[in-house]
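A.B. asks: Before anything else, here's the structure in question.
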């Protein structure tokens, strides 16, 4: 999915009807951002940040960051200038994390008598127990990297959880059915 950097959810006041994000426009190509899963990133001060501010080091920081250098990546975005820009910023060159999930189902049906069958099954969801990280900034009600909070910029703070599940880890479901 596209990964969006935005000013905030309600930059122009917003509300239920007009709660669109005000996206930032990248000033560099996607290859210059140093994207991927980087661990131990401590952030850095950059000229575009205020005094004493660093990017990607907030209280939600887990040591995992989408950017190799969050401070430099933070400075590669600029706000939309409504008077001169014709793009809304949705042509963002960044992509979120991909996902890989393997499920497995094994079953056996045994006929006991002419009218009685026994069905045994085992279903494994995420059988190899792969971790799928949620995109940075995605969590709670946000669906973007918030440029108004540089400390959380690019921070990976949660795991993606598939629908109808409580967690993203392996699930095992066993079944026994008697049909008559």
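A.B. asks: Name, by its number, the condition in (1) modelled with pLDDT of 75 or more; (2) within 20 Å of residue 3 (Cα to Cα); (3) out of contact with any strand residue (DSSP E or B) (no Cβ under 8 Å at 6 or more places or on another chain) that does not hold for residue 78.
C.D. replies: In the conditions (1) modelled with pLDDT of 75 or more; (2) within 20 Å of residue 3 (Cα to Cα); (3) out of contact with any strand residue (DSSP E or B) (no Cβ under 8 Å at 6 or more places or on another chain), residue 78 misses (3) alone.
A.B. asks: Can you tell me which residue among 36, 50 is part of a strand (DSSP E or B), exposed (fewer than 11 other Cβ atoms within 10 Å of the Cβ) and modelled with pLDDT under 85? Spell out how you get there, then give the answer.
C.D. replies: On the way: 50 fails: part of a strand (DSSP E or B).
Step by step, each of 36, 50 is checked, and only 36 is part of a strand (DSSP E or B), exposed (fewer than 11 other Cβ atoms within 10 Å of the Cβ) and modelled with pLDDT under 85.
A.B. asks: Restricting to segment 121-137, count the residues that are touching a strand residue (DSSP E or B) at 6+ places or on another chain (Cβ under 9 Å) and part of a loop (DSSP other than H, G, I, E, B).
C.D. replies: Our first condition is that a residue be touching a strand residue (DSSP E or B) at 6+ places or on another chain (Cβ under 9 Å); within segment 121-137, this holds for 121-127, 131-137.
So of that shortlist, the ones also part of a loop (DSSP other than H, G, I, E, B) come out as 126-127, 131-132, 134-137.
Counting residues in segment 121-137 that are touching a strand residue (DSSP E or B) at 6+ places or on another chain (Cβ under 9 Å) and part of a loop (DSSP other than H, G, I, E, B) gives 8.
A.B. asks: Could you tell me which of the residues 45, 55 is touching a helix residue (DSSP H, G or I) at 6+ places or on another chain (Cβ under 7 Å), modelled with pLDDT under 70 and assigned to a loop (DSSP other than H, G, I, E, B)?
C.D. replies: Answer to the check: 45.
A.B. asks: Please verify whether segment 94-105 includes one or more residues that are surrounded by fewer than 19 Cβ atoms within 10 Å (Cβ to Cβ), at pLDDT 85 or above and part of a strand (DSSP E or B).
C.D. replies: yes
A.B. asks: Being touching a residue at least 60 places away in the same chain (Cβ under 8 Å) and surrounded by 11 or more Cβ atoms within 10 Å (Cβ to Cβ) is the filter; apply it to segment 108-133 and report the residue that is farthest from residue 65 (Cα to Cα). Working first, answer last.
C.D. replies: Quick first cut of segment 108-133, residues touching a residue at least 60 places away in the same chain (Cβ under 8 Å) only: 115-119, 133.
Checking which are surrounded by 11 or more Cβ atoms within 10 Å (Cβ to Cβ) leaves us with 116-119, 133.
Numbers: 116: 57, 117: 53, 118: 50, 119: 47, 133: 11 Å.
Per the criteria, the residue is 116.
The values are calculated or read from the model by the stated rules, or taken from the named source; none is laboratory data. Since we're looking at a predicted model, the values are computed, not measured. Cβ sites come from the backbone with ideal geometry, for glycine too, and all protein chains shown count toward neighbours.
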